[in-house]
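Working notes for the structure below.
The values are calculated or read from the model by the stated rules, or taken from the named source; none is laboratory data. All values reported here derive from a predicted model rather than from experimental measurement. Cβ: placed from backbone, ideal geometry, glycine included. Neighbour counts: every protein chain shown. Ligands, DNA and RNA are excluded from the accessible area calculation, which covers all protein heavy atoms including side chains. Shrake-Rupley method; radii C 1.70, N 1.55, O 1.52, S 1.80 Å.
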Amino acid sequence: MNQLNFNHLYYFWQICKSGSVAAAAEVLSLTPQTISGQIKALEERLQGKLFRRQGRGLVPTELGQLVFRYADRMFMLGQEMLDIVNYRKEFHLLLDVGVADALSKQLVSKVLETAVVAEEKIHLRCFESTHEMLLEQLSQHKLDMIISDCSIDPTQQEGLFSVKLGECMVSFWSTQPLSDSPFPACLETRPLLIPGRRSMLGRKILNWITTQGLQVEILAEFDDAALMKAFGARQKAIFVAPALEMGEREGVYEVGRLDAVSEEYHILFAERMIQHPAVQRLCHADFSGLFPRQSTDEKKPA
C-alpha cells in the first residue's frame, strides 16, 4: 500500500479550517492551483470526493468530515509536541496565560506571583478576554493556561484539566454613603453596575437579585472588572467587587456583603502543561491565605 502524503493531508486540513482554497493558499503561501492539484491527488489516493461547494465556499463531504477528524487530531498533537519541545529548549520558560476579564486583577496578580519565582527564568505573557474566547485558544494550543471564574468538565473537554484555587465573597460598594435603608433594599436607591451576564459571577448576581425580589436599576454590565469600578466611582453608582480587594480602600463604602454568592478562581490547562514547573506550583500551592473560602475537596493532578 502506498504511504499517505501528509503534505496533501495538511493542505486539506487547512482548507477545512479556512473555508476555501483561496484562504488556505494565503495561509500556506502557495497558489490556489497548486493546492487544488494536491487535493485532487489526495482524493485519488482516498478514492472519494473530499469537498462539495456551498455558496462560494467549500464544505467537507461525509468522507471529508471523517478525514478531517483524524487530520485535526494528528496536527494538533504535532503542535502539542512542538510546544513541549520548545518550552524545554528555551532559556526562559515561556508561559502564555489567559485571564478572564471579569476577574479582579489584584487577586489574579497575587495568583501569578506564585507561578513566578526568582530562581527560575520564566517569561510570562498575559492576555485578557472572555472565558469562552480563552477556552477556544487553549484548545487550539495558543495558550498554556487560563485563570477563570469557570471550571471545565474534563469528560467534555478532552485533554484539558481544571483546578479550583479558591473562592472569595463579593460585596456591593459605593464611593458615597447610602441612606439608612437596610440591605438589600438600599440597592433600589442607586443605579447598579454588575459583571456581564456572560461571566459566572454576573449570572449569580442576577439570580440573587431575582430571588430577593428587588426592583433595581441596572445601569450597565461590564466584562472588565477594573472598568466597572472606575465607572462606578464617577457615576456615584453601586458596583460589585470582591470583599478581599476593596476592604482596605479609603473612600469606598461597603453597602452589603453577599454570603450566598462568591467569585471562584480556577486554573485551566492542557495535559501537555501538567509538568510545567509554574503550573505545578499553582496546582499544589496553598491559597487559603488569599481565598479564605478555599475548597479543599477538589482533586489536583499529580
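In degrees, nearest 10, range 0 to 90: what is the angle between the Cα axis of helix 225-235 and the longest Cα principal axis of the chain?
It works out to around 40 degrees.
Report the full-extension gain for the segment Phe231 to Thr114: residue separation times 0.36 nm, less the Cα-Cα distance, to one decimal in nm.
39.1 nm
About the Cα centre of the chain, what is the dipole size in debye to 20, counting +1 per Lys and Arg Cβ and -1 per Asp and Glu Cβ, all else neutral?
960
Once the Cα atoms of the chain are picked out, what are the Rg and Dmax in Å?
For the chain, the Cα radius of gyration and maximum Cα-Cα distance read 24.5, 84 Å.
Going 7 Å from the Cα of Arg52 toward and past its Cβ, which residues in region 66-80 have a backbone nitrogen under 11 Å from where you end up?
none
Whole number in Å², please: accessible area per residue of region 1-40, 1.4 Å probe, ligands, DNA and RNA not counted.
Accessible area per residue, region 1-40: 61 Å².
Simple spin-label model, 7 Å along Cα-to-Cβ: Lys17 to Leu178 in nm?
5.0
Could you calculate the contour length gain from Arg45 to Leu4, that is, 0.36 nm times the residue separation minus the distance between their Cα atoms, to one decimal place in nm?
Roughly 14.0 nm would be gained on extension.
What is the angle, in °, between the Cα long axis of helix 105-115 and the longest principal axis of the Cα atoms in the chain? Nearest 10 is fine, range 0 to 90.
On a 0 to 90 degree scale, this one is about 60.
Report the one residue of Leu143, Ala100, Leu28 whose Cα lies farthest in the direction of the positive end of the charge dipole of the chain (charges on C-beta: Lys and Arg +1, Asp and Glu -1; origin at the Cα centre).
Farthest towards the positive pole: Leu28.
Where the centroid of each part is defined by its Cα atoms, how far is region 1-59 from region 92-165 in Å?
Cα centroid to Cα centroid, the span is 34 Å.
First check a/c for region 188-259, with a ≥ b ≥ c the square roots of the eigenvalues of its C-alpha gyration tensor; if it is under 1.5, answer rounded, and if not, answer prolate when a/b is larger than b/c or oblate otherwise.
rounded
Could you work out the relative contact order of the chain? I mean the mean sequence separation of Cα pairs under 8 Å and 6+ apart, divided by the number of residues, in percent.
After rounding, I find 21 percent.
Share of antiparallel DSSP beta bridges in the chain, in percent to the nearest 5?
60
Please give the calculated 222 nm ellipticity per residue for the chain, where each DSSP H segment of at least 4 residues contributes -39500 (n - 2.57) and the sum is spread over every residue; nearest 500 deg cm²/dmol?
Per the formula, -12500 deg cm²/dmol.
What accessible area per residue, rounded to a whole number of Å², is obtained for region 111-215 using a probe radius of 1.4 Å?
Solvent-accessible surface per residue comes out at 49 Å².
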